[in-house]
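K.L.:
A single structure is presented below for examination.
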Amino acid sequence: MVAIAFQLTNESTETPDIDVAHIYLQGVGVEPKKWRVYGLGTHASTFYPDFVSSSSSTSSYYNTLFDERLRQELQEIQENLHIKNEEIQQKNEEMQKQIEEMKKREEERLKRQDEMQHKILQTDQIMCKLA
């Protein structure tokens with residue numbers, strides 16, 4: 001990258017103005033946890049003071065972003081939980097209705113069975129009298 005920048009500026013009559021520290025920082029990157037530049041260590045502020053001096057405010061900024069994202073995820077989880085809870089309640093109510101209908105049908109079936117047994121007994125009694 002430096003060679004390309006030097007070639008482009010070498011064609012003109014002016015001396016090249018290259019910020020080597022900036023190129024290095026772009027090429028190598030920054031360690032996000034400690035905000036240290038690989039290879040420069042604690043001397044990064046010497047070469048690139050604007051970038052390193054903002055590390056504490058940047059760290060605070062990222063903590064705030066992290067907290068906000070965490071709150072959003074928590075809110076999404078709570079909303080999903082609420083939706084699932086409502087679905088479960090609705091299914092519960094449907095099942096309760098089905099149980100009540102089944103109980104009602106069973107009671108009707110038992111009632112008809114009793115009526116049939118009563119009729120059979122009456123028929124047997126009539127047949128016994130006739131015989």
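K.L.:
Would you tally the net charge around Leu74, using a Cβ to Cβ cut-off of less than 12 Å, leaving Leu74 out, and scoring K and R as +1, D and E as -1? Before the final figure, lay out the partial values.
P.N.:
Values: positive: Arg69, Arg71; negative: Asp67, Glu68, Glu73, Glu76, Glu79.
The answer is -3.
K.L.:
Applying the Karplus parametrisation 6.51 cos²θ - 1.76 cosθ + 1.60 with θ = phi - 60° to the phi angles of the stretch 67-72, what ³J(HN,Hα) value in whole Hz is obtained for each residue in order, glycine and proline being reported as x?
P.N.:
4, 5, 5, 5, 4, 4
K.L.:
Summarise the accessible area of the stretch 57-131 (1.4 Å probe, protein heavy atoms) by the percent that is carbon and sulfur.
P.N.:
Values: 4150 of 7570 Å².
That fraction is 55 percent.
K.L.:
Just to make sure I understand: if all protein chains stay in place, what is the order of Lys97, Lys103, Lys129 by accessible area at 1.4 Å, largest first?
P.N.:
Numbers: Lys97 140, Lys103 110, Lys129 175 Å².
If we order Lys97, Lys103, Lys129 from most to least accessible, we get Lys129, Lys97, Lys103.
K.L.:
Simple spin-label model, 7 Å along Cα-to-Cβ: Asn92 to Ile120 in nm?
P.N.:
4.3 nm
K.L.:
Moving on to the next point. Using a ≥ b ≥ c from the Cα gyration tensor of the stretch 67-108 (square roots of the eigenvalues), is it rounded, prolate or oblate, where a/c under 1.5 gives rounded and otherwise the larger of a/b and b/c decides, a/b for prolate? Walk me through the numbers before you get to the answer.
P.N.:
Working: a/c = 11.23, a/b = 9.91, b/c = 1.13.
Taking the square roots of the gyration eigenvalues as a ≥ b ≥ c, the stretch 67-108 is prolate.
K.L.:
Net charge near Lys91: determine it from the other residues with C-beta under 12 Å of the C-beta of Lys91, scoring Lys and Arg +1 and Asp and Glu -1. Present the calculation step by step, with values, prior to reporting the outcome.
P.N.:
On the way: positive: Lys84, Lys97; negative: Glu86, Glu87, Glu93, Glu94.
So the environment of Lys91 carries a net charge of -2.
The values are calculated or read from the model by the stated rules, or taken from the named source; none is laboratory data. These numbers come from a predicted model, not from an experiment. Cβ: placed from backbone, ideal geometry, glycine included. Neighbour counts: every protein chain shown. Remember, those area values only see protein heavy atoms, side chains included, never the ligands or the DNA or RNA. Shrake-Rupley method; radii C 1.70, N 1.55, O 1.52, S 1.80 Å.
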